[in-house]
Amino acid sequence: MRWTIKSKPEKQKIKALQDALQIDEIVASLLLQRGIETYDEARSFFRPSLDDLHDPYLMKDMDKAVVRIEKAIQNQENILVFGDYDVDGTTSVSLVSSYLKSFYPNIATYIPDRYKEGYGVSYQGIDFADDNGFSLIIALDCGIKSIEHIAYAKDKGIDFIVCDHHRPGDKLPDATAVLDPKRSDCDYPYKELCGCGVGFKLIQAIGNNRNQTIEDMVPYLDLVATAIAADIVPITGENRVLAKFGLEVINTAPRPGIKALIQNVKKKTLTISDVVFIIAPRINAAGRIKHGNYAVELLTEFDLEQAILFASEIEVFNADRKDLDKQITKEALLQIEDNNETERFSTVVYQENWHKGVIGIVASRLVENYYRPTIVFTKSGEKLAASARSVKDFDIYNALEACAEHLEQFGGHMYAAGMTIKEENLSAFKQAFEEVVQQTIHPDLLTPEISIDAEIDLADINPKLLRILKQFEPFGPENMTPIFLTKNVFDTGYPKQLGNENEHLRLFVKQDNPDSETSGFGTIGFGLGKKIDIAKDRKLFDMVYTIEENEWNGNVNIQLQARDIR
């Protein structure tokens, strides 16, 4: 691990914020690192409000989208809500379809089959619309690069509204409306919405047109928060507002589908992290193992008993997904070792029978192992399909663009992408990709980084600090859980390895005088079991960690979660 300490903000800025907010230096520094410099900025950070959401009509083409949808309703047209098979796509489809169905019956949904149709707008989906009398398709979380597909639909007399958040190509599709804050000609103030976030802006605009208030939209925010968490978009600005209020819905009044997924979770209050690790993988498992339709059925079901049945099916898919993911990761790691590729700057692996639904997860696992840009290929029909994952601060989309001559198609963003290729081009692509990564990646980026917010003493940690840190939530990209460094700590007695394979570490740490009577902190270090010797025999060590609340048998206390020790 590479430890880097963020630069400390200017002293006069810290002092000014301390005076304005009556807070201590640690909290003032943390706020300034997040770009919060004034009392008003701090107020909207600590007290996000639905009033902070932007006017949806600031998004380019929003007026056209709303006019076309209202015209379809007036003319009794059939509307098909189309979206991708991942969490962002299925939540988007569930959001827009359930909202429209609340006042208009002629709505159907379509999720492409991951294996037969692949990612994004498909010809099969357009043919389905044509065969079944749909004259308007609303595409969510996809469509920004579907130039030919949307032209094909137009020839059949089918209009498209595209709601996407991926980077557009040189040309936009010829659709009735193209909603994408990343359009170069779109002045929408917040650029980092996920696909479901763009879908939410669409229903917000339709709602405005129908004299509904933002309060009428709150019940849909459980879906938006789930997509924000799963799609790993920055939790800043508008996303932070949507995530905060969405989490409140998840914790107080979730839709039956989400309630069914979390009914066995023991925690009282779910965080963004819980959404990432509990809700999102299950929704994703439907599209990975069977079909994304299962996820949409679950998320749009309003009868709890029926939702519990759907959720139990999805539990089975998720268990299958875990088994496949383990097996394929093992095979991929063996392949890397057998081919003596452990010293490369990139990882590209391929096996024709790997399950296409889990190659993205496998790519993430390989990044965890070797920490470098990674692509996992499998056979898909006549071609090969792949998922790519990157390391922090390396733009894998740009690297793929530099190798585009070898690819059939590709799409995605800085940290994750998908692509197809002809099998005969794989070897040339693998070599080109390695060369591009080698030439463009900074060597430091090949070692995982722990970015430390501040160095503090254990004596600085108290219930008041924890209370304020909890108000920094929800955490996520660009507003990560604060990480602290404390030097010269020691374990007070007996560090212990935990877990089936002794992979975790349990400590009780103090600082300074070993004979000091001050109490220390219980500490858990997930994945740090191998470092037990550093903490034995009351030796002094440095520790980077987060501060959290630990609840056990009704007792609540402060616990530290060690990220690394040395």
message: Need the failing condition index for Thr486 against (1) open to solvent by 50 Å² or more (accessible area, probe 1.4 Å); (2) out of contact with any Ser or Thr (no Cβ under 9 Å at 6 or more places or on another chain); (3) not hydrophobic (A, V, I, L, M, F, W, C); (4) not in a loop (DSSP other than H, G, I, E, B), just the number.
response: (1)
message: If I ask for residues that are more than 15 Å from Ile468 (Cα to Cα), open to solvent by 80 Å² or more (accessible area, probe 1.4 Å) and either hydroxyl-bearing (Ser, Thr, Tyr) or without any contact (Cβ under 8 Å) to a residue 24 or more places away in the chain (or both), which ones from region 20-40 would you list?
response: Tyr39, Asp40
message: Return the residues of region 36-93 that are of a type in the set (Gly, Ala, Ser), closer than 26 Å to Tyr119 by Cα and part of a helix (DSSP H, G or I); say none if nothing qualifies.
response: Ala65, Gly89, Ser92
- prompt: Do we find that Ser49 is hydroxyl-bearing (Ser, Thr, Tyr), touching a Ser or Thr at 6+ places or on another chain (Cβ under 6 Å) and either closer than 18 Å to Leu299 by Cα or open to solvent by 30 Å² or more (accessible area, probe 1.4 Å) (or both) in this structure?
  reply: no
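Go through Gly207, Gly195 for me and flag whichever is of a type outside the set (Val, Ile, Thr), under 16 Å from the mean Cα position of the chain (by Cα) and either under 16 Å from Leu95 (Cβ atoms) or crowded, with 20+ Cβ neighbours inside 10 Å (or both).
After applying the criteria, what remains is Gly195.
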- prompt: For region 404-420, what are the residues that are part of a strand (DSSP E or B), open to solvent by 30 Å² or more (accessible area, probe 1.4 Å) and under 18 Å from Asp170 (Cα atoms)?
  reply: Gln409, Phe410
- prompt: Which one is modelled with the highest pLDDT, of the residues in region 509-566 that are over 26 Å from the mean Cα position of the chain (by Cα), among the acidic types (Asp, Glu) and open to solvent by 80 Å² or more (accessible area, probe 1.4 Å)?
  reply: Asp533
message: Filter region 387-404 down to the residues that are of a type in the set (A, V, I, L, M) and touching a residue at least 24 places away in the same chain (Cβ under 8 Å) and list them by number.
response: Ala388, Val391, Ala399, Leu400, Ala402
The one condition in (1) without any contact (Cβ under 8 Å) to a residue 60 or more places away in the chain; (2) not in a helix (DSSP H, G or I) that Ala153 fails to fulfil: (2)
- request: Select, from Phe200, Phe245, the only residue that is open to solvent by less than 10 Å² (accessible area, probe 1.4 Å) and either at pLDDT 95 or above or at positive phi (or both).
  value: Phe200
task: Collect the residues in region 241-286 that are more than 17 Å from the chain's Cα centre (by Cα) and assigned to a loop (DSSP other than H, G, I, E, B), keeping them in residue-number order.
output: Ala253, Pro254, Arg255, Gln263, Asn264, Val265, Lys266, Lys267, Lys268, Thr269
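Please specify each residue of region 372-403 satisfying the condition of being open to solvent by 40 Å² or more (accessible area, probe 1.4 Å) and not in a strand (DSSP E or B).
Gly381, Glu382, Lys392, Asp393, Asn398, Glu401, Ala402 - these are the residues of region 372-403 that are open to solvent by 40 Å² or more (accessible area, probe 1.4 Å) and not in a strand (DSSP E or B).
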field: Selection from region 464-480 of residues that are crowded, with 20+ Cβ neighbours inside 10 Å, outside any strand (DSSP E or B) and of a type outside the set (A, V, I, L, M)
entry: Pro474
- request: Can you tell me which residue within region 83-107, out of those that are of a type in the set (A, V, I, L, M, F, W, C) and out of contact with any helix residue (DSSP H, G or I) (no Cβ under 6 Å at 6 or more places or on another chain), is farthest from Ile258 (Cα to Cα)?
  value: Phe103
query: Could you say whether any residue in region 320-329 is farther than 30 Å from Ser427 by Cα and modelled with pLDDT under 95?
result: yes
field: Qualifying residues in region 249-288 (those that are among the charged types (D, E, K, R) and over 19 Å from Asp231 (Cα atoms)) - the one most open to solvent (accessible area, probe 1.4 Å)
entry: Lys266
query: Which of the residues spanning region 87-141 are at positive phi and surrounded by fewer than 24 Cβ atoms within 10 Å (Cβ to Cβ)?
result: Gly118, Gly133
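Every residue, every condition in (1) in contact with a Gly (Cβ under 7 Å, 6 or more places away or on another chain); (2) among the acidic types (Asp, Glu); (3) open to solvent by less than 10 Å² (accessible area, probe 1.4 Å), yes or no:
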{"site": "Lys422", "(1), (2), (3)": "no, no, no"}
{"site": "Phe429", "(1), (2), (3)": "no, no, yes"}
{"site": "His442", "(1), (2), (3)": "no, no, no"}
{"site": "Leu445", "(1), (2), (3)": "no, no, no"}
{"site": "Ser451", "(1), (2), (3)": "no, no, no"}
{"site": "Asn462", "(1), (2), (3)": "no, no, no"}
{"site": "Thr492", "(1), (2), (3)": "yes, no, no"}
{"site": "Lys496", "(1), (2), (3)": "no, no, no"}
{"site": "Asn502", "(1), (2), (3)": "yes, no, no"}
- request: Give region 290-341 a look and list any residue that's in a loop (DSSP other than H, G, I, E, B) and open to solvent by 50 Å² or more (accessible area, probe 1.4 Å), or say none.
  value: Phe302, Asp303, Asn339, Asn340
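The values are calculated or read from the model by the stated rules, or taken from the named source; none is laboratory data. What you see is a predicted model, and the numbers here were worked out from it, not measured in a lab. Every residue, glycine among them, receives a Cβ derived from its backbone with ideal geometry; neighbour counts consider all protein chains shown. Remember, those area values only see protein heavy atoms, side chains included, never the ligands or the DNA or RNA. Shrake-Rupley method; radii C 1.70, N 1.55, O 1.52, S 1.80 Å.
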